[in-house]
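Enquirer: Mind looking over this structure? Questions follow.
Readers should treat all values here as calculations from the given coordinates under stated rules, not as data from a laboratory. Note that the structure is predicted; figures quoted are calculated from it, not measured. Note that each Cβ is placed from the backbone with ideal geometry, even for glycine, and that neighbours are counted across all protein chains shown.
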Amino acid sequence: MKFLSFEINGQASYGLLRDGDEILDLGKRLSSSTPTLKDLIAGGELRGSAATYAAFPADHRLSDVRLLPVIPEPRTIACVGHNYEEHRLETQRDPTEHPSIFFRHPESLVGGGQALVRPIESMQLDYEGEIAVVIGKPGRRIGEAQAWDHIAGFSCFNDGSVRDWQHHTRQFGPGKNFARTAGFGPWLVTPDELPADRILELTTRVNGAVVQRATTDQMIFPIPRLVAYVSSFMTLMPGDVIVTGTPGGVGVKRNPPLWLKPGDSVEVEVSSVGLLRNPVVQEHD
């Protein structure tokens, strides 16, 4: 099943995506009790809502709506650094026994098809194709064996980075939180859509050229380990997001560097999940 958050006629809503481009508007039907997709996840109603309204006619076409970030206002966006060996090596980071975690702010997110904004403070906007995990059930100190039971679904993520600001210090925060620099979408895919081995392929393209490619079995810290680790120091809640790290091939480590510029198009594709596409524009003072 695929769920998405969107805006139509200036009104935010969410729904179920069917048959490739048909949207069943769940927000219209459930807004009084369940105003957002995050609320639907928290109530454990993803499967139930899909079954209840499966036979209803579609309300919109995908082309009719403006996509929002899958979870427009996540309480937590925990991002993982250097979680693929190739990327760890290209950034010259030492091996660690534990994941490197930093946090993003919801203001930094845009939905599928919406523009990433290169800020006026920097020319060094970089791409990072990643896989986002959306939490479906609350938990603290979740064991790795139980981690999959706490996942509502998966989405594509472009962890856009303003590199010079990221490298002001060893703390990543400033370079990861400029407004509208990260793509999150286009939709949420439930775990039953994944292959039996749960191995996904991640591909990033800039203007159609492949710049990153990896599979999730190459992660240094697999998804269950990330869920267990983050939940060891905080309670994970429905709608929280764990962004699982980028593979090698980022723009800053190319010779010459490959910075995103206005007019570029960035795609992050995850097998069995979808394709996130965002154009790049320049911020104006």
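Enquirer: Whole-Å semi-axes of the stretch 183-267's equivalent ellipsoid, largest first, each the root of 5 times a Cα gyration tensor eigenvalue? It would help to have the intermediate numbers written out before the result.
Expert: On the way: eigenvalues 149, 49, 43 Å².
Equivalent-ellipsoid dimensions as semi-axes: 27, 16, 15 Å.
Enquirer: Here's another thing I want to ask about it. Tell me, K38, K28 in order of fewest to most beta-carbon neighbours within 10 Å? Let's see the in-between values first.
Expert: Details: K38 24, K28 14.
The most exposed by this proxy come first: K28, K38.
Enquirer: I would also like to ask the following. About its Cα centre, what dipole magnitude does the stretch 1-133 give when the only charges are +1 on Lys and Arg Cβ and -1 on Asp and Glu Cβ, stated in debye to the nearest 20? Before the final figure, lay out the partial values.
Expert: Details: 13 positive and 20 negative charges, 102 e Å.
Magnitude of the dipole: close to 480 debye.
Enquirer: Once phi is turned into θ = phi - 60°, what whole-Hz ³J(HN,Hα) does the Karplus curve with 6.51, -1.76 and 1.60 give for every residue of the stretch 240-250, x standing for Gly and Pro?
Expert: These are the phi-based 3J(HN,Hα) values: 5, 10, 10, 9, 8, x, 10, x, x, x, 5 Hz.
Enquirer: Please find, in a Gaussian network model of the chain (springs between Cα atoms separated by less than 10 Å), the residue of T76, T246, T52 whose mean-square fluctuation is greatest.
Expert: It is T52.
Enquirer: Take the cross-link list K2/K38; K2/K261; K38/K253; K137/K176; K38/K261 and give me the ones stretching past 25 Å between alpha-carbons. Each step should come with its number before you reach the end.
Expert: Working: K2/K38 14 Å; K2/K261 31 Å; K38/K253 36 Å; K137/K176 27 Å; K38/K261 33 Å.
Pairs exceeding 25 Å: K2/K261; K38/K253; K137/K176; K38/K261.
Enquirer: Taking springs between alpha-carbon atoms closer than 10 angstrom, which of G81, G153, G136 fluctuates most in the Gaussian network model of the chain?
Expert: Ranking G81, G153, G136 by mean-square fluctuation puts G81 first.
Enquirer: Something else about it: Once the Cα gyration tensor of the chain is found, what semi-axes does its equivalent ellipsoid get, as square roots of 5 times the eigenvalues, in whole Å, sorted largest first? All intermediate terms of the calculation are to be shown ahead of the outcome.
Expert: Working: eigenvalues 168, 103, 55 Å².
That gives 29, 23, 17 Å for the three semi-axes.
Enquirer: Still on this structure, please answer the following. Pairs of alpha-carbon atoms within less than 8 angstrom and 6+ residues apart define the contacts here; what relative contact order does the chain have, in percent?
Expert: Values: 705 pairs, mean separation 71.1, N = 285.
Relative contact order here is 25 percent.
Enquirer: Tell me which of N83, S272, H105 sits at the most positive position along the dipole axis of the stretch 77-282, charges placed on C-beta atoms (Lys, Arg +1; Asp, Glu -1).
Expert: Going by the charge dipole, the pick is H105.
Enquirer: A further question follows. So for F154, F56, fewest C-beta neighbours within 10 Å to most, what's the order?
Expert: On the way: F154 27, F56 13.
Exposure proxy ranking, most exposed first: F56, F154.
Enquirer: Next question, about the same structure. Quick one: Cα centre-to-centre distance for the stretch 132-184 and the stretch 36-57, in angstrom?
Expert: 24 Å
Enquirer: If you don't mind, another one. Which of rounded, prolate or oblate describes the stretch 2-67 when judged by the alpha-carbon gyration tensor and an a/c cut-off of 1.5?
Expert: Values: a/c = 1.79, a/b = 1.19, b/c = 1.50.
Taking the square roots of the gyration eigenvalues as a ≥ b ≥ c, the stretch 2-67 is oblate.
Enquirer: Another one. Top mean-square fluctuation among V189, V133, V210, Gaussian network model of the chain, C-alpha springs under 10 Å?
Expert: Result: V210 has the largest fluctuation of those listed.
Enquirer: Arranged by the count of other C-beta atoms within 10 angstrom, fewest first, what order do F3, F184 take?
Expert: Values: F3 26, F184 35.
Ordered from fewest to most neighbouring Cβ atoms within 10 Å, F3, F184 come out as F3, F184.
Enquirer: Sticking with this structure for a sec: Counting Lys and Arg as +1 and Asp and Glu as -1, each charge on the Cβ, what is the dipole of the chain about the Cα centre in debye, to the nearest 20?
Expert: Value, rounded to 20: 360 debye.
Enquirer: Taking amide hydrogens as modeled 1.01 Å from N in the peptide plane, which residues meet the under 5 Å criterion relative to F103, leaving out close sequence neighbours?
Expert: The answer is C79.
Enquirer: Once you list every other residue whose beta carbon is under 15 Å from the beta carbon of N9, what net charge do they have if Lys and Arg are +1 and Asp and Glu are -1? The partial results should precede the final answer.
Expert: On the way: positive: K28, R61, R66; negative: E7, D25, D59, D64.
That works out to -1.
Enquirer: For the stretch 109-126 and the stretch 5-34, what is the separation of their C-alpha centers, rounded to whole Å?
Expert: Here the two parts' Cα centres lie 26 Å apart.
Enquirer: Would you kindly derive the ³J(HN,Hα) couplings of the stretch 191-208 from the backbone phi angles with the Karplus curve 6.51 cos²θ - 1.76 cosθ + 1.60 (θ = phi - 60°), listing them in order in whole Hz, with x for Gly and Pro?
Expert: x, 5, 7, 7, x, 4, 7, 6, 8, 10, 9, 10, 10, 10, 10, 10, 6, x
Enquirer: Continuing with this model, one more query. Charges at C-beta only: +1 for Lys and Arg, -1 for Asp and Glu. How large is the resulting dipole of the stretch 91-243 about its Cα centre, in Debye rounded to 20? Intermediate results must be reported in sequence, preceding the final value.
Expert: Working: 14 positive and 17 negative charges, 64 e Å.
Taking the Cα centre of the stretch 91-243 as origin, the dipole is about 300 debye.
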